[in-house]
Each structure stands twice: as structure tokens, then as C-alpha cells.
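So the structure is just underneath, and the comments pick up after that.
The values are calculated or read from the model by the stated rules, or taken from the named source; none is laboratory data. Note that this is a predicted model, so its numbers are computed, not measured. Ideal geometry is used to build each Cβ from the backbone, glycine not excepted, and the neighbour counts take in all protein chains shown. Only protein heavy atoms, including side chains, enter the accessible area calculation; ligands, DNA and RNA are left aside. Shrake-Rupley method; radii C 1.70, N 1.55, O 1.52, S 1.80 Å.
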Amino acid sequence: MVDSAEFDVFGGVTTDYYDQAVIDLPGRWKPMTGWWDARMRIGVDPYSKYTAARIDTEIVAYARNGEPFPGINFASQDYLNLATEKRVINAATEAAERYGVHSAGSSALMGLTEITVELERKLATFLGVADATVFPTGWGAGYGLIRTLVRRNDHVVIDVLAHACLQEGADAATGNVHRFPHCSNEGVERRLARIRAENPGAGILVVTETVFSMDSDVPDIAGLQAICTRYGATLMVDVAHDLGAVGRGGRGYLEIQGALMTVDIIMGSFSKTFGSNGGFVASNRVELKLALRYGCGTLTFTNAISPMQAAAVLSCLAIVDSPEGERRRKRLMGNVMHMRSSLQSVGFQVLGEPSAIVPVVLGSNGLSRKMTSYMLNHGAIVNLVEYPAVAKNGCRWRVQLMHNHTREQIDAFVMTAVAARDAVSSGVDRLLSLVTA
Ligand SMILES: Cc1ncc(COP(=O)(O)O)c(C=O)c1O
């Protein structure tokens, strides 16, 4: 049992405080709650924030204990600022009036509305594939697709840094999960050659993303698809973070790499650019439609996306696929490039390729918690990513840019980041003096 005096709020990680030895299952989480509360008390718990107004570039965030943090917002996922766009709100409102606020059923029964069916059709057209299937969440789309496709004797070959919904789907589907080094097509090919030599008849699913959410890096998808085809494997690509937000036409890195028409299965989320919860699977393999509808736990046995959500996404898609969408992406990318170069010019390391996510390397748990606390207390709202989302002491800020950010806001964020680094490294910040008092 962990003594509360032993809480290591700077060096420890959340999994240190899960007490496996306790028989009472909920009780195992007690020390972890104590550790988070200790972090909150000394001001280094930047998680579970909530808001009390529309998501915008300036907001008031509230900590778990209700303490307000007003500031410039780099912590929201609404890359083109469509979630608060009047036309999108109007579309959702009209759908609520016309269809009510609930789908009232699974899509396998009668939970679809005509508006959801239209969304599936238009999404497929946008992606240039034969069909798309809408899910209530992106998480459910990723997890459920893998569970539906892969059976016990099959194999999953998955990027070691792929999103949790993909990792958990792979582990739930089969014991034959092969994790390959991040973005390494050679690593995939080596594994496929070995699996095929030993199991000529097995199904193999290769799983990756276009933009990785913690590193903003991008694999060579066209090359990967060619490898998969050679070995009779199926490729699925999660496009959650770049679809709609990146590429001239808004089709993300698949468009930039000229790989759009080649990928076996595309899976994504609406929750980053399309103004709503929800996800999808899109492919030329039309047999997937009813396979997913009737054989996928996260679609079959859950209520369909609400009419308001479908209407919001449909309205966002119309904007994304228009000259206005192109203009919004151009401005977003200008903000991204300005943020990346400004941070680099003052000595911060930023990772990956240009996308709405700018990962900023911080390092140790303690330093990054103190720097994040400084940011929140000085008007710069940002998400800290730490273990288990990234490696221990591999902490980073996941700075999220939006179309509406101004250059002045970005410059202010960078100046605050420099001040946070200076204050924490010289040990004179308010937080440190409190802790060492
Ligand atoms: C790469 C990736 N895939 C899937 C998801 C899940 O999407 P959603 O938020 O729609 O459940 C996310 C978002 O958290 C993500 O970052």
C-alpha cells in the first residue's frame, strides 16, 4: 500500500500508483487518485480541464478543482474552427428540430437517418472510394474494424506508436500481434516475409496512421501499400489528424503522397476537423459495409451517431470540400509553419512533419510538469503529454493549431514558453518556491 507521504508528484508516473496487490478491484485505483490529488494540490495536474463557453482561440479553462485558467488556447482539436461556425451550428439545430436529438437505435436496426446515409455517400465520394460507414466514435471505428477483420489465427502488423484504439483492437483480436519500429516500411516487410513463410494461408492486417498524434510524423504510405499487396496483406490507415486539415483538397497526406486511390482501407475520426464526435471506415471493398454493420461490436451493438452530429459533419464536409476549405487550410498551415519556426528559433525541438499538431520536446516528468504549470498560470493553455501516452521522461507539449489563431497569439505563446523554460531552469518560479518552502 502506498503511503501518501511517498507520492512522487514530479518524478512518478500514474502507473506507479496502481496497486495490483489489492483484492478489491476499485480499491486498486485509490493510490492513483491520491497521487493525482497531490499533483493538483501543488499545481502540477494540467489534465481533465473543462470549459464554460465555445471553443475559441481565447478561452477560460477550468482545472479539475474549478480553478480558472484564462488564456490563449492551443489545447483544442478543432483545426479549421468549424465546430463554432454558424452554418454548422445551424445545420445541427435544423437537424435537431427535424429529427429530434437522438438516433434511437443501432445502425443495424433503425438508428440511421437519411442525413447519416447521405453523409456516408458524400464521404465516400470525397475520398474517391466506393463506400463509407459512419461510426459513433473514431475510437470505435479503429478498434471495431480490426476486431471484425482479424480472427485468432490471423496476424496484425502494427506500428509501435499507433493510436490506443488500434493497439487495443489488435490485442483483442489475436495473440499474433507484431509491432514494427515506428514508420519503418523495412520493419513491416521483414515481418510480412517471416509471417508468410510460416503461414501461407493466414490473413494479415497492417495498421498505421498518416499523421501520428504524438509525433506528427508520416510514413511512406504508397510504399507500404505496395509491400502489403506483394505479401497478400491488407493495409488500414488511420487519417484522424490530417483528413480535412492538410493538403490542398483536404485529403491529407494521402493526397500529398498521391496514395489516396491506392490504400486498401481508410479509417478516421470527425473529432479533429469535422466539428463532431464520430468516425468512419471507407474503402472500395463494398462487402465491408454489412460486415461492419452486423459483425462489429462498436457499430452493431451501440446506438448510431445522432442526427445533429451527422448534420454537423455533413455541413463541415461541404466547407472542407470547397474553396473556403482550401483557404482555411492555407491559413492553418501558415500558422503551423509560423509556430514551428518560431519555437525552433528560440531553441525548442519540434517533431515531425507540418500538421495541426506541433509536438514540442520537453523531456523529464518533473521539468515538463513545472513548465506546463507555468504556461497555464501565464495565459498559454497547452496539453502536456506524458507516460503512458509517450515514453517515460519523453514528455512533450502537443500544441494544437487552429485556423483562427493569429500571429500575435502564436508569438505570445512562444514568448511564454521561453519564460517557462527560464523560470523552471533557474528555479525562481512561484511553483518551485512553493514546493521547496
Ligand atoms: C489517431 C487517432 N485515431 C483515432 C482517434 C479516436 O477518435 P475519436 O476521438 O473520434 O474517438 C484519435 C483521437 O483521439 C486519434 O488521435
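Using only the alpha-carbon atoms, how far is helix 114-127 inclined from the longest principal axis of the chain? Give it as 0 to 90 degrees, nearest 10.
90
Given 0.36 nm per residue, what is the gain on full extension from Thr15 to His102 after removing their alpha carbon distance, in nm?
Answer, rounded to one decimal: 27.6 nm.
Rounded to whole Hz and in sequence order, give me ³J(HN,Hα) for the stretch 39-53 from the Karplus expression 6.51 cos²θ - 1.76 cosθ + 1.60, θ = phi - 60°, writing x for Gly and Pro.
After applying 6.51 cos²θ - 1.76 cosθ + 1.60, I find 4, 4, 4, 9, x, 10, 10, x, 9, 6, 6, 9, 10, 10, 7 Hz.
Compute the distance in nm between two label points, each set 7 Å from the Cα along the Cα-to-Cβ direction, one at Val117 and one at Phe301.
Using points 7 Å along Cα→Cβ, the separation is 2.7 nm.
Obtain the nm distance between the two label points defined at Glu198 and Met110 by a simple spin-label model: each point lies 7 Å from its Cα along the Cα-to-C-beta direction.
In this crude spin-label approximation the distance works out to 5.1 nm.
Return a single number: how many Lys pairs in the chain, at a sequence separation of 8 or more or on separate chains, have alpha-carbon atoms below 29 angstrom apart.
Lysine pairs meeting the criterion: 18.
With unit charges on the beta carbons (Lys and Arg positive, Asp and Glu negative) and the dipole taken about the Cα centre of the stretch 86-320, which residue among Met214, Gly128, Leu166 sits farthest to the positive side?
Of the candidates, Gly128 comes out farthest on the positive side.
Using only alpha carbon pairs under 8 Å that are at least six residues apart, calculate the relative contact order of the stretch 106-256 and give it in whole percent.
About 18 percent, as a whole number.
Can you report the principal axis dimensions of the chain using only the alpha carbons, biggest first, rounded to whole angstrom?
Computed over the chain, the largest-to-smallest principal extents equal 65, 52, 45 Å.
Just to verify a number: FRET efficiency for Glu67 and Val346, C-beta to C-beta distance, R0 = 35 Å, to 0.05?
After rounding, the FRET efficiency stands at 0.75.
Please report, in debye to the nearest 20, how large the charge dipole of the stretch 198-299 is about its Cα centre when each Lys and Arg carries +1 at its beta carbon and each Asp and Glu carries -1 there.
For the stretch 198-299, the charge dipole is close to 420 debye.
Ordering Trp29, Trp36, Trp397, Trp139 by how much accessible area each has at a 1.4 Å probe, largest first, what is the list?
Greatest to least solvent exposure: Trp29, Trp139, Trp36, Trp397.
Normalised by the number of residues in the chain, what is the relative contact order in percent for Cα pairs under 8 Å and 6+ residues apart?
Taking the mean separation of contacting Cα pairs over the length of the chain, I get 21 percent.
Any idea what the dipole of the stretch 86-320 comes to, in debye rounded to 20, about its Cα centre with Lys/Arg Cβ at +1 and Asp/Glu Cβ at -1?
For the stretch 86-320, the charge dipole is close to 280 debye.
Just name one of Pro46, Gly144, Ser103: the one whose Cα is farthest towards the positive end of the charge dipole of the stretch 1-159 (beta-carbon charges, Lys/Arg +1, Asp/Glu -1).
The residue sitting most towards the positive pole is Ser103.
Starting from the 7 Å offset along Cα-to-Cβ, what nm value, one decimal, do you get for the label separation of Thr84 and Asp56?
My value for the distance between the label points is 0.5 nm.
Once the piece of chain linking Asp8 and Tyr294 is laid out straight, how much longer is it, given 0.36 nm per residue of separation minus the C-alpha distance between them?
Difference between extended and current length: 98.2 nm.
What ³J(HN,Hα) values, in whole Hz, does the Karplus curve 6.51 cos²θ - 1.76 cosθ + 1.60 give for the stretch 311-323 when θ = phi - 60°, with x put for Gly and Pro?
Working through the residues one at a time gives 5, 4, 5, 4, 5, 4, 4, 4, 6, 4, 8, 8, x Hz.
Round to a whole number: what % of the accessible area of the chain belongs to carbon and sulfur, probe 1.4 Å?
Carbon with sulfur: 54 percent of the solvent-accessible area.
If each DSSP helix of 4+ residues adds -39,500 (n - 2.57) and the sum is divided by the residues in the chain, what number results at 222 nm, nearest 500 deg cm²/dmol?
-13000 deg cm²/dmol
Under the rule of at least 5 residues apart or a separate chain, name every residue whose amide H is placed under 5 Å from the amide H of Val399.
Sorted by chain and number, the residues that satisfy this are Val358, Val360.
Per residue, how much accessible area does the chain show when a 1.4 Å probe rolls over the protein heavy atoms, in square angstrom?
Per-residue value: 42 Å².
Taking the Cα centre of the chain as the origin, how large is its charge dipole in debye, to the nearest 20, when only Lys and Arg (+1) and Asp and Glu (-1) carry charge on their Cβ atoms?
340
List the residues, sorted by chain then number, that are 5 or more residues from His178 or on another chain and whose placed amide H is less than 5 Å from its amide H.
Val156, Val157, Ile158
Can you compute 3J(HN,Hα) from phi for each residue in the stretch 330-346, using the Karplus curve 6.51 cos²θ - 1.76 cosθ + 1.60 with θ = phi - 60°, rounded to whole Hz and x for Gly and Pro?
Couplings: 5, 5, 4, 5, x, 4, 4, 5, 5, 4, 4, 6, 5, 5, 5, 5, 9 Hz.
Residue separation times 0.36 nm, minus the C-alpha to C-alpha distance between Val361 and Ile42: what's the value?
Extending this stretch completely gives an extra 112.5 nm.
Whose amide H sits under 5 Å from the amide H of Leu235, counting only residues 5 or more places off or on another chain, with H placed in the peptide plane?
Placed amide hydrogens put Val206, Asp264, Ile265 under 5 Å from Leu235.
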